[in-house]
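Read-outs throughout are calculated quantities, based only on the coordinates presented, and are distinct from any laboratory measurement. Worth saying up front: this structure is predicted, and the values here are computed from it rather than measured. Backbone-built Cβ (ideal geometry, glycine too); neighbour counts: all protein chains shown.
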C-alpha cells in the first residue's frame, strides 16, 4: 500500500501550485510574443525568436544560475525587490519563475502555430470593417488560436510539474517551502531506503501528467468541434 508523509503531500501541493502559477504568469506574455512573431514585421525578429527559444537548448541549471544572479540580493531585479522588502530567492515564487522561464518556449511555439493557422482573409476582413489591432486580436486572433493556447498551456503546466534543474538552483530544496515532486524524488533516491517513497511520487507525477494530457485532448476536441 502506497502511503505519503506530510512532506510528500506538501510536495504534491506545491508542484501543482507552482505549475498553475507558472502557466498564469506566462500566458499573457506568451500570447504577446507569439503575436509579435507571427503578425508584426520588425527588425530583430530572428533575434527575438532565438532568445525566446534559448531555454530549449540551455541546460536548466544554467537558466537557474542566471536567475539566481538576476534575482539575488546583488542582482539587478533582486536589489530592487530587496529595497522594497521583497525576497524571491529560495521561495516557491522563485520556483514558479524558474518553471515559467524553462517552459516559455513551448507555450509560445504552440500559440504561434495556432496563430499561423488562421486564415489571413478573416484578419483583413476585420480590419476592413474598422477594427483596430487590439479589437482584431481580441475578437478574431485569440478565439481562433484557442486550441494553440490550450495546447501551450498544457505543455507549460506539464513542463512545470517536471522542472528540476533551474528550480533547485534558484529555489533550493526546502521541504514544505520549495520542495516539489521532482526535488522530493531526488532526495528520496539519494537516501538509503527511499526507493519506495520515490516510486510512489513517480506514480503521482505520471498520474498528474496523464490527467493534464487527457484534459488537453478533451478540451482541444471540444474547441475543434466548435469551428
- Note on the structure: Taking Cα atoms, the helix 6-39 axis meets the longest principal axis of the chain at an angle in degrees (rounded to 10) of 20 degrees
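If you build the Cα gyration tensor of the range 6-226 and take the root of 5 times each eigenvalue, what three semi-axes come out, in whole angstrom, biggest first? Intermediate values should be presented prior to the final figure.
Working: eigenvalues 246, 101, 36 Å².
Result for the range 6-226: semi-axes of 35, 22, 13 Å.
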- Cα→Cβ-extended label distance, 7 Å offset, between residue 54 and residue 73, nm: 2.7 nm
- Given a Förster distance of 25 Å, the FRET efficiency implied by the Cβ-Cβ spacing of residue 86 and residue 174, rounded to the nearest 0.05, works out to 0.85
- Query: Under 13 Å from a point 7 Å along the Cα-to-Cβ line of residue 17: which residues of the range 168-206 have their amide N that close?
  - Reply: 174-181
- Helix 146-161 sits at what angle to the longest principal axis of the chain, using alpha carbons and giving 0 to 90 degrees rounded to 10? 20 degrees
- Query: Going highest first, how would you order 198-209, 96-107, 123-134 by mean Cβ packing within 10 Å?
  - Reply: 96-107, 198-209, 123-134
- Evaluated at q = 0.20 Å⁻¹: base-10 log I(q)/I(0), Debye formula over Cα of the range 119-227: -1.02
- Any chance you could give the angle, 0 to 90 degrees and rounded to 10, that helix 195-226 forms with the longest Cα principal axis of the chain? 10 degrees
